[in-house]
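One structure below.
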Amino acid sequence: MVVGAVDTHGRYDTASLLLGLDLLPPRKVDGRSEFDLDAALARRPAVLVLDDLAHENPPGSRHPRRWQDVMELVESGVDVFTALNVEHVESLNDVVAEVTGTRVKETVPDAVIERADAVELVDLSPDELLERVRDGRVYLPGASPESTRRMFSRGSLLALRELALRRIAERVDVDVQAWRAQEGVASTWHTAERVLVCVGPSPSSTRLVRAGRRVAAGLRAPWVAACVEPPTGLRSAAAARVEESLTLAEALGAEVARLQGDAPAREILDYARRRNVTRIVIGKPTHPRLRDLVRGSLLDEVVRGSGEIDVLVIAGDEHPPEGRARDPRDEPRGSAAGYAWAVALVALATAASWVGRTVLAPPDLVMTYLLVVVLVSARFERGPATLAAALSVAMYDFFFVRPYFTFAVLDLRNTLTFAVMFAVASFTSGLTLRMRRQQGEARERERRTRALLSVARELSAAVDAPQALGALASHAAEVFDADVAVWSRDEGEPAVVATAGEPAVSDAEAARWCFERERPAGLGTDTLPRSKALCVPMKGRARVLGVLSVAPRDGAPLDGARRDLLDAFARLGASAMERATLAEDARRAAERARDEATRSALLSAVSHDLRTPLASITGAATTLRDDGDALSEAQRGELLDAVCDEAERMARMVNNLLDMTRLASGAVRVKREWVPLEEMVGSAMNRLERVLAGRPVSIDLPASLPLLSVDPVLFEQVLVNLLENAARHTPEGVAVDVSAEATEGGGVALTVADRGPGIAVGDESRVFEKFYRAPGAGPSGAGLGLTICEGIVRAHGGAITAARREGGGAEFRVVLPPAEGAPSVPEETAA
């Protein structure tokens, strides 16, 4: 365990607690002692104690805040013990400012605190703390700033203590819920109050939501608004009322839960026990008691099954709110065509049964009518199916039950047959309709899942943020049948960065509000509801990275399921933006690492390679100055030749460095001219006359070679570097081969080969890297010549390769592409 940084505020009592502990040496910044992050990472202790998590690091530090240092340490495998005051919690910053009159600038994001493995509360009563302040055990006398004096009032300390207790209680509650889920605990623990409000399609649900909010506020407890949808789904008007109630609950601060199942009471109680709910708020029934006898009572089932959970029954409105007419969409739905088909199929079944009445038994006739009911149920809604069932019973009684052609029933057993026939027909139609609706819902869920999978796949394959956001906008426009825009804001006003369709410019106000409050705004919300688009925030780990704006083309607000899907799209988009940002940061870090490596290699090469010729020049010049009179003419000539040779060597190194700098910065401009290859080869050999001494050069340049469209100065440098490289690796007396040939299409391929040690296997491409030297290459050169060759050849649109030569040695091949408009070569030049 190592102590990284502790601020003692000059108190002896605090400093004495550090005696005997291993302290990390601080780094000095402007005379102040600061935490040394690099030293901590290099030491990598098991545990690091680091005071003041919200501390602001001095300018020039790797991270502006200490909590970012802590995150880097944790990601490196170091456990950190740290501390902060409650006023430094980001989400409580506004509340602390209201209580104390002081806005704290050094804050820690809530996400950082939530990542902690353990959180402990250090609590002290305000009176005892004030006594410590007076005794100078918090700040030395006269050393406390004015802001802390305003904060250290009894009222402020009481409020801050309450905030701290509530914040730690929230953390403990999360831990309790996680442990209950892990251990499978189903019973309710009354360790903390939690309220659940049952929301349904009743018009009085909004009143129930407000009542639940008052109950939760009185208990100072979190609350949940839950609705249970049947597997067949809700009718449009009922779904709209449920969505209205849930939207109100969200606006009042509730967590919204959408459940699904055949037994609403069981679903509610199961969810309540999973979430450790202590009170359930449910509406008082206003429908006739007969309905409860037929369908069962939701209230009765919840009360009987609640067990240790308290149930609060709230009175609702007995009539719909004024001005709200009964929605015809609440009635059983069915088209005129459906009813017509029901009548026609029953008539067809009656005719077929009448024709076959002498052959078919009564049960067979009943099955014929049941078949009609199933067919109508499979194709149409409940209304036509119910009509088909009623008509089937009536036709069977009228035509096939004595007395015929009347609705009179003489045998009571036939009454039972009619009742069973109608019940079976109704049950079959209901089951068929339910299966059809479930099939439609399954198809819809599959479509949404497929949409999420598709957009996730494209976002993961995107190479940058614009591509990712463009894919997100196009998929959202297709899924929601809407005009979509993605908004971004760095420091100024929100701006559209990706679109699909024609998003309205007026959505900028909703997008701005969404950025500032981090909550949805626009269509279907309580904020700017007249906007044509719904704007949802794309939340990252620390802030809102963007806003996804969706304007449905039909102008209707999104229902709950599509809102959830839109939130999923927004989360995927935020993840893609964060991933692109991290990728860009990684790319920049890699570039900085490469630049640093290049800088280090350059300094190493310059310090080594320039030192050698400088030492030779200095030695030769010193000898000439001090002992020149005692030297013979031959000795003086040798020393002067050495000075000249080493000076030329230094000049070549400096020129190579300058050329490399120009190539790396893109400052090289190719000035093309039509030049014969043999002229450039001859000029390069003249420049290297001293270097090539003792090594013959074999030249094979066909007379039919076309003129080259190159920059003569640059391309001559390529030849000089290749020939110098070949001379350096070729023993004396061994020839260096230079040859060329025309390529297909009119290009030229130039080859420079030597008989040196050759190129190691796998190094064919490495020889063109900066500062790379082949093994056994000797001390001469900085390893830039071939790199410069590659840069110049590429600037001309060509390619250069290296290969091992048969029989030993290496060969370098330069291929230049064909150039159009070449002038004809004069015969004397070709000769």
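The values are calculated or read from the model by the stated rules, or taken from the named source; none is laboratory data. All values derive from a computational prediction rather than experimental measurement. Note that we place each Cβ from the backbone using ideal geometry, even for glycine, and neighbour counts take in every protein chain shown. Heavy atoms of the whole protein, side chains included, go into the accessibility calculation; ligands, DNA and RNA do not. Shrake-Rupley method; radii C 1.70, N 1.55, O 1.52, S 1.80 Å.
Miscellaneous remarks
- Share of carbon and sulfur in the accessible heavy-atom surface of region 497-571 [1.4 Å probe, %]: 46
- Answer label for percent of Cα pairs over 37 Å apart (calculated), chosen among (1) 55; (2) 58; (3) 69: (3)
- Of the beta bridges in the chain, as assigned by DSSP with both residues counted there, near 60 percent are antiparallel.
- Against the main long axis of the alpha-carbon atoms of the chain, helix 264-274 sits at an angle near 40°.
- Stretching residue 63 away from residue 286 to a fully extended chain increases their span by 74.1 nm, per 0.36 nm per residue minus the current alpha-carbon distance.
- Near residue 758, the amide H atoms lying under 5 Å from its own belong to 809, 810; only residues 5 or more places off or on other chains count, and H is placed 1.01 Å from N.
- When each of the peptides 129-136, 244-251 is scored by how many other beta carbons lie within 10 Å of its residues on average, the order from highest to lowest is 244-251, 129-136.
- Projecting the Cα atoms of 453, 706, 739 onto the charge dipole of the chain, computed from C-beta unit charges around the Cα centre, puts 453 farthest toward the positive end.
- Distance between the pseudo-spin-label points of residue 627 and residue 13 (7 Å out from Cα toward the beta carbon): 8.0 nm.
- Order by protection proxy (mean Cβ within 10 Å, highest first), peptides 699-709, 571-581: 571-581, 699-709
- Peptides 64-76, 795-807 ranked from most to least packed by the mean count of surrounding Cβ atoms within 10 Å: 64-76, 795-807.
- Selection among 31, 2, 71 by position relative to the dipole of region 1-147 gives 31 as farthest towards the positive end (Cβ unit charges, Cα centre).
- Charge dipole magnitude, Cβ of K and R +1, D and E -1 - region 678-772, Cα centre, debye nearest 20: 360
- Placing +1 on the Cβ of every Lys and Arg and -1 on the Cβ of every Asp and Glu, with nothing else charged, gives the chain a dipole about its Cα centre of roughly 4380 debye.
- Extension gain for residue 398 to residue 518 (0.36 nm times residue separation, less C-alpha to C-alpha distance): 36.4 nm.
- Of the residues 195, 237, 40, the one whose Cα sits farthest toward the positive end of the charge dipole of the chain, with +1 on the Cβ of Lys and Arg and -1 on the Cβ of Asp and Glu, is 237.
- Angle in degrees between helix 465-480 and the longest Cα principal axis of the chain, rounded to the nearest 10: 20
- ³J(HN,Hα) computed for each position of region 545-558 - Karplus, 6.51 cos²θ - 1.76 cosθ + 1.60, integer Hz, glycine/proline x: 8, x, 10, 9, 10, 10, 10, x, 5, 8, x, 8, x, 6
- Mean residue ellipticity, 222 nm, helices only, the chain: the sum of -39500 (n - 2.57) across DSSP H runs of n ≥ 4, divided by residue count and rounded to 500, is -16500 deg cm²/dmol.
- About its Cα centre, the dipole of region 446-541 is roughly 380 debye, where the only charges are +1 on Lys and Arg Cβ and -1 on Asp and Glu Cβ.
- Taking amide H as placed 1.01 Å from N in the peptide plane, the amide H of residue 695 sits under 5 Å from that of 733, each at least 5 places away or on another chain.
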